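One structure below.
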Amino acid sequence: MIVRNCEIEGRITDIKIAKGRISQIGGNIKGERYFDAKGGALIPGLHDHHIHLNAAAAAMNCVRCGPPEVTSESELIRVLNMKGEGWLRGVGYYHSVAGEIDRSWLDNNGPNRPVRIQHRSGRLWILNSLAIDHLSMEAPKDGRLLDGDNTIRSISQFPDLRPLVNRLLSYGITGVTEVTPSNGAAEYENYIKAAKPLRLTLMGKAELSLVQSSHLKLHYHDHNLPPLEELTAEIISAHQAGRNIAAHCVTRAELMLTLAAIDMAGAEKGDRIEHAAIADEAAMEWMSKLGVIVVTQPNFIAERAAAYLKDVPREDHENLWRLKAFADRGLKLAAGSDAPFGDPNPWAAMAAAVKRPKGFEAEAISPDLALELYTKPADDAGAPARRVVIGAKADLCLLDRSWAQAKLGLDDVTVKATWIDGELVYNLID
């Protein structure tokens, strides 16, 4: 295929794709199959370095129960009682809407159907009485099931990923890193088939080493942090098995314990810190010394700004979801959406990285650097960003405008076409 009249790094040119790679770049390339880019920027396909595919796919058929769509108790009651039958699954709930709702609240205010609502942290499910009866499960009397994903998942089927995959392709995403901690052999087999044609990198639990060598996902929280020696031993074991680690670190305690364990175990190239939501100077210096990769979520600062301003101590506002400080220190940095807990649209996230909400502006970065966060290689979030050059894999994304125009408003960008391995997998024109 020949892509004509495309802009590559500021220059209008043509490219030829052959055998899944860019084989030629230049003017007036001859061939039989043409795609007219009409001056749009041709960039490397985007990669979401932190996503939960099954949960994100399921969320597409869910009711939004938290900000910004729902902000009050009356609004929550209204959306829960909209016409429908069978299961009602809600996502994104936050206590600012109606407080710490429970089984009794749902029974009194929700519909006469099984209801389960997920807190936006992903750790809490709130079930009504009909849901508990339907699932035939033991649950707390208040219906607030903490860290019960495995229980819920054991009685659920894998969702259809096709609508989600098509949506990601429409954003110019050509690959994803699936980071769900419970991923095992069964999930791997399902993703390999159901997530096509996306390039897939998978992390999860220890048994994944039997089917692929990827990151071991460490997923601890303040309430269940293991002893330092235990966490260190877990990291050493992963390294000995030829696997890197990727550690969930949202709070200061989670981050500092993890960094101490990596330091004791010995950091290996490819070890990752997921989120690094709060990072002060000491934490950044330590991450820099260890050489770990930081995979952050620029979208959260825009999606949750109001809650952060209210709930996070003012002295930590400057340390929250940092970008510029990470980049200035030379930390290896990439980004992902954390969908469904964040918006999977990378263009909205890039826009949030460039124009951060009031109170958090100091960590804003340039549009070029924001794009680089999503164009790192699929298998190495710490490597330099990919470029459209001869010999590169033909994983590509065509914009509806030049890059100079796109930088003026990244959240207004429309993707016209997406290629994976040289195959046209999304075409807005068609």
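Where a number appears in this text, it was derived from the coordinates with a stated rule and is not lab data. What you see is a predicted model; the values in this text were computed from it and never measured. Every residue, glycine among them, receives a Cβ derived from its backbone with ideal geometry; neighbour counts consider all protein chains shown.
Quick notes on this one:
- Computed with the Debye formula from one identical point scatterer per Cα of the chain, without solvent, the log10 of I(q)/I(0) at q = 0.11 Å⁻¹ comes to -0.89.
- Student exercise, the range 215-385 dipole from Lys, Arg, Asp, Glu Cβ charges, in Debye to nearest 20: 380
- P(r) weight above 27 Å for the range 215-385, C-alpha pairs, percent: 22
- Top positive-direction residue, dipole computed over the range 171-253 with Cβ charges, set 228, 186, 206: 186
- Couplings for the range 264-271, taken from phi via the Karplus curve 6.51 cos²θ - 1.76 cosθ + 1.60 with θ = phi - 60°, read 5, 6, x, 5, 10, 4, x, 5 Hz in order; Gly and Pro are left as x.
- Point-charge dipole on Cβ atoms (K/R +1, D/E -1) for the chain, about Cα centre, debye to 20: 1380
- Equivalent ellipsoid semi-axes - Cα gyration tensor, the range 56-154, angstrom: 18, 15, 14
- GNM top mover of 87, 125, 419 - the chain, alpha-carbon springs below 10 Å: 87
- When the range 325-400 is reduced to its Cα atoms, the Kirkwood hydrodynamic radius in Å: 13.8
- Of 273, 287, 317, farthest towards positive along the dipole that unit charges on Lys, Arg, Asp, Glu beta carbons give the range 182-320: 273
- Applying both filters, DSSP loop and at most 11 other Cβ atoms within 10 Å, to the trypsin sites (Lys or Arg not before Pro) of the range 245-330 gives 269.
- Relative intensity, log₁₀ I(q)/I(0), of the range 127-272 from a Debye sum that treats every alpha carbon as a point, q = 0.09, 0.15, 0.19 Å⁻¹: -0.37, -0.94, -1.17
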